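Participant: Below is a structure I'd like to ask you about.
The values are calculated or read from the model by the stated rules, or taken from the named source; none is laboratory data. None of these values were measured; they are calculated from a predicted model. Virtual Cβ from ideal backbone geometry, glycine too; neighbours counted across all protein chains shown.
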């Protein structure tokens, strides 16, 4: 009896592990695409045929609206390009990124994009993808180390990257706070070693020196909204003259809202404000509370990885962005929101999981099989002209 | 009686001592920080109680964090569906599933508790993530403010008080509590006396699920949001409670009241953390100093016997020299 029960229990644990371990595979959405389905299963627009492919993106279904927007746009891409784009978990650690790359290569993907927390993983990723013949790109990051950059860019399977000027983002936020007269701020950020946040903090430090702002406390590596609540409470208790809490970056869900609530619960909403890089999910409510006063980010966090994904798709189809196959590097401009009205307008994007970066015709312009004139320069022009509102 | 009172007061003075040190050296740290310290100590105390069910039996368990998150996720989803009853029921079911699983696996697979707990961490994390995606909007679950107010501060103090009373009763007033302590002291002797030690350990794991339930309720109500973590992310949640339990296991030699000592241990740790924040220290320095603090506390308490022996020998040598 005991053995039978044990066998049942082990089976149950195995089934749960197997089902939980599967990445969330997508099925093509039932959206109409520009082309028609022919008998061979490829989408054809008269003469255009797309090779079947599978690409992995590191944006699991955490409930973050920006990830849901990415999913929605991937569904449209899948329909237009005869492909499958899967969301797979990848935490923002070097081990997490390598684990993601290895497991997706083992699963047989033709392409993937990564958001490396540091340059140190890139040589290994380059080697793994070259050996497996997998095209790959970088999103939300640039490569700082010149030696690693040369090594990576020499690989025929590296398609390029999209990035923002993170240092300038940190400086702009610091400058704005200085111009408001803030003298004491607390910082919430990722653990040291995260390239994006470290770069933003360099810009912030520059602004703090220029405007005489003192960072009175810091808290890093939050994994839950409750961590943000606890950190905010501690900052408020320790600093009766605190001017603002500045979010350099946070990977956990609901942290900005938790900070706003903690400030409200402490009755300090009139004198302690919140400034963020990246737009929170509940940005409109945060601005309406009067506590969030400034945000600096891309219109949507996942627009950058979307463009990196476009580059990988083009390379898989044999039509890389640059004719000679060299990697392309594109920058994205961030912008600021400092009032409720603009926050409300952008909430229609940041709060809408079904928001599309481009419609079906717009997507075709990003694919060289439809638009042979596409190259690094014209792609940059399209990015610069992209206005969500 | 007087000696006992002195001992109790002596132990309880420790958090006041730490508080006083930071009161004088950190600007912005004062009486107004006390509610924050108490509030932030509640969840680690509950997790500490869960770990304290198991560690005295000579076992190691890293899964309370994962079990607590599973309870919080299930409780949040059921709370959103059917209200406060769903929140309580879901948190209990989610927390106990992990307790039952780890108890059964350890009992019948006969592999080291650390290995079992690591396996359970992976399964529970994946299960939390999958349940959140299947039944919610994703791996983050949010509850409305009216539900969150059920177990946030200061009501979470009542939760912890209830958990401490349950822990005290089981540990000091029941046969199971005695057997758990005895298993940790001398398992071989207990076996030779005919006690089913495996059964005792099994029940210890099951018992820890009850305290994970308390932790789950407080976790989701603290900020109204809980996120499922993967890749052993929940293991970072058990380190503070573990430190509190390690401090408590030393303090309990002075005054034998484990739940009180765990609470004192957590208060000390949270006081230290808040003190560091008030001093404006960077995250790196905070972690270094906390690690050193823990080494000093553990080193002093583990070696008090040895130090007392050195002092005794020195006195004997002095007396011998005087006589000569």
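Participant: Does residue B:114 count as in a helix (DSSP H, G or I) and closer than 14 Å to residue B:68 by Cα?
Facilitator: no
Participant: What about residue B:25, is it out of contact with any helix residue (DSSP H, G or I) (no Cβ under 7 Å at 6 or more places or on another chain), in contact (Cβ under 8 Å) with a residue 60 or more places away in the chain and either within 14 Å of another protein chain (Cβ to nearest Cβ) or over 20 Å from residue B:217 (Cβ atoms) (or both)?
Facilitator: yes
Participant: Residues being over 14 Å from residue A:329 (Cα atoms) and touching a helix residue (DSSP H, G or I) at 6+ places or on another chain (Cβ under 6 Å): count how many of those fall in segment A:125-150.
Facilitator: Qualifying residue count, segment A:125-150: 8.
Participant: Same structure again: Checking residue B:53 against (1) under 15 Å from the mean Cα position of the chain (by Cα); (2) over 18 Å from residue B:203 (Cα atoms), which single condition isn't satisfied?
Facilitator: With (1) under 15 Å from the mean Cα position of the chain (by Cα); (2) over 18 Å from residue B:203 (Cα atoms) applied to residue B:53, the lone miss is (2).
Participant: If you don't mind, there's one more thing I want to ask. Give B:217, B:235, B:206 a once-over and let me know the one that is within 19 Å of the chain's Cα centre (by Cα), more than 10 Å from chain A (Cβ to nearest Cβ), surrounded by fewer than 21 Cβ atoms within 10 Å (Cβ to Cβ) and farther than 21 Å from residue B:265 by Cα.
Facilitator: When all the criteria are applied, what remains is B:206.
Participant: Would you mind finding the one in B:228, B:182 that is more than 12 Å from chain A (Cβ to nearest Cβ) and at pLDDT 85 or above?
Facilitator: Exactly one residue qualifies, and that residue is B:182.
Participant: For segment A:73-85, which residues satisfy the criterion of being under 18 Å from the mean Cα position of the chain (by Cα) and either without any contact (Cβ under 8 Å) to a residue 60 or more places away in the chain or within 14 Å of chain B (Cβ to nearest Cβ) (or both)?
Facilitator: A:75
Participant: If residue B:141 satisfies all but one of (1) within 14 Å of chain A (Cβ to nearest Cβ); (2) surrounded by fewer than 21 Cβ atoms within 10 Å (Cβ to Cβ); (3) not in a helix (DSSP H, G or I), what's the number of the condition it fails?
Facilitator: The number of the failed condition is (2).
Participant: Can we say residue B:71 is closer than 21 Å to residue B:184 by Cβ, under 22 Å from the mean Cα position of the chain (by Cα) and in contact (Cβ under 8 Å) with a residue 24 or more places away in the chain?
Facilitator: Criteria not met by residue B:71.
Participant: Continuing with the same structure: So, of the residues in segment A:182-221 that are part of a loop (DSSP other than H, G, I, E, B) and more than 10 Å from chain B (Cβ to nearest Cβ), which turns out to be nearest to residue B:276 (Cα to Cα)?
Facilitator: Ranking the candidates gives A:190 first.
Participant: Follow-up question, since we're still on this one. In segment A:250-271, what count of residues is obtained for those that are part of a loop (DSSP other than H, G, I, E, B) and surrounded by fewer than 24 Cβ atoms within 10 Å (Cβ to Cβ)?
Facilitator: Residues meeting the conditions: 8.
Participant: Taking segment B:117-127, which residues are closer than 18 Å to residue B:208 by Cβ and either more than 21 Å from the chain's Cα centre (by Cα) or in a strand (DSSP E or B) (or both)?
Facilitator: Passing the criteria: B:123, B:127.
Participant: Here is a check on your reading of the model: is residue A:243 more than 12 Å from every other protein chain (Cβ to nearest Cβ), modelled with pLDDT under 95, in contact with a strand residue (DSSP E or B) (Cβ under 9 Å, 6 or more places away or on another chain) and over 22 Å from residue B:37 (Cβ atoms)?
Facilitator: no
Participant: Output the number of the condition that residue A:232 fails; it satisfies all remaining conditions of (1) in contact with a helix residue (DSSP H, G or I) (Cβ under 7 Å, 6 or more places away or on another chain); (2) surrounded by fewer than 24 Cβ atoms within 10 Å (Cβ to Cβ); (3) within 11 Å of another protein chain (Cβ to nearest Cβ); (4) assigned to a helix (DSSP H, G or I).
Facilitator: So residue A:232 meets the others, but not (2).
Participant: Residue B:272 - would you say it is surrounded by fewer than 24 Cβ atoms within 10 Å (Cβ to Cβ) and not assigned by TED's automatic domain parsing to the domain that holds residue B:78?
Facilitator: In short, yes.
Participant: Further question on the same structure: Go through segment B:258-317 and report how many residues are in contact with a strand residue (DSSP E or B) (Cβ under 6 Å, 6 or more places away or on another chain) and in a helix (DSSP H, G or I).
Facilitator: Counting residues in segment B:258-317 that are in contact with a strand residue (DSSP E or B) (Cβ under 6 Å, 6 or more places away or on another chain) and in a helix (DSSP H, G or I) gives 2.
Participant: Among the residues of segment A:136-157, how many are more than 19 Å from the chain's Cα centre (by Cα) and either in a helix (DSSP H, G or I) or surrounded by 17 or more Cβ atoms within 10 Å (Cβ to Cβ) (or both)?
Facilitator: 10
Participant: Residue check: is residue B:87 more than 13 Å from every other protein chain (Cβ to nearest Cβ), within 24 Å of the chain's Cα centre (by Cα), under 13 Å from residue B:220 (Cβ atoms) and buried (at least 24 other Cβ atoms within 10 Å of the Cβ)?
Facilitator: yes
Participant: If the requirement is being more than 14 Å from chain A (Cβ to nearest Cβ) and more than 23 Å from residue A:67 (Cα to Cα), which of these qualifies: B:118, B:109, B:59?
Facilitator: Sole residue among the options that is more than 14 Å from chain A (Cβ to nearest Cβ) and more than 23 Å from residue A:67 (Cα to Cα): B:59.
Participant: Another question, if that's okay. Can you go through A:289, A:219 and tell me which one is at pLDDT 95 or above, within 26 Å of residue B:226 (Cβ to Cβ) and surrounded by fewer than 24 Cβ atoms within 10 Å (Cβ to Cβ)?
Facilitator: Matching residue, one of A:289, A:219: A:289.
Participant: Also, quick follow-up: Could you count how many residues in segment A:330-361 are within 26 Å of residue A:200 (Cβ to Cβ), under 20 Å from the mean Cα position of the chain (by Cα) and surrounded by fewer than 17 Cβ atoms within 10 Å (Cβ to Cβ)?
Facilitator: Here the count works out to 4.
Participant: Looking for whichever is within 22 Å of residue B:93 (Cα to Cα), over 23 Å from the mean Cα position of the chain (by Cα) and touching a residue at least 60 places away in the same chain (Cβ under 8 Å) here; the options are B:134, B:147. Which one fits?
Facilitator: The conditions single out B:147.
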